[in-house]
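As structure tokens, the structure follows; a few thoughts come after it.
Derivation of every value follows stated rules applied to the coordinates shown; laboratory data play no part. What you see is a predicted model, and the numbers here were worked out from it, not measured in a lab. Because the Cβ atoms are built from the backbone with ideal geometry, glycine has one as well, and the counts that use them run over all protein chains shown.
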Amino acid sequence: MPAEILLVSVAILRDVTDQRKAEEALKESEEKFSKIFQSSPVGMVMTIYRRRCTDVNESYLKMIEYSSDEVIGRDFNELNIHLTKSKSSIIKGIERRR
């Protein structure tokens, strides 16, 4: 007697339209923030726990007279920025850009 063969197929469908829309909105928001951050005439730095620099914009680099390679990944104590750069030096850096 031949053995019976049972074929079973299961398909799970999920609508990911809302998830894709949310991902696209997040991507657009991140791009907008990045453009604003990078092009701002105001010096800005992003830090994480213990004041370690994760990103800086060009205006900030001009004020402190460091390159991004010298700043990214270091904290303010390692860079000694606020101890060695006087307020007048930072103001002069701002005025040079005007």
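Structure notes:
- P(r) histogram, all alpha-carbon pairs of segment 1-41 included - 5 Å bins from 0, percent: 5, 17, 10, 11, 9, 8, 7, 6, 5, 5, 5, 4, 3, 2, 1, 1, 0
- Phi-based couplings in Hz for segment 8-24 (Karplus 6.51, -1.76, 1.60; Gly and Pro marked x): 10, 10, 10, 10, 10, 10, 9, 7, 10, 4, 5, 5, 5, 5, 5, 5, 5
- Aspartates and glutamates with Cα under 20 Å of residue 21, excluding same-chain neighbours fewer than 8 positions away: 30, 31
- Listing 66, 49, 60 from fewest to most neighbouring C-beta atoms within 10 Å gives 49, 66, 60.
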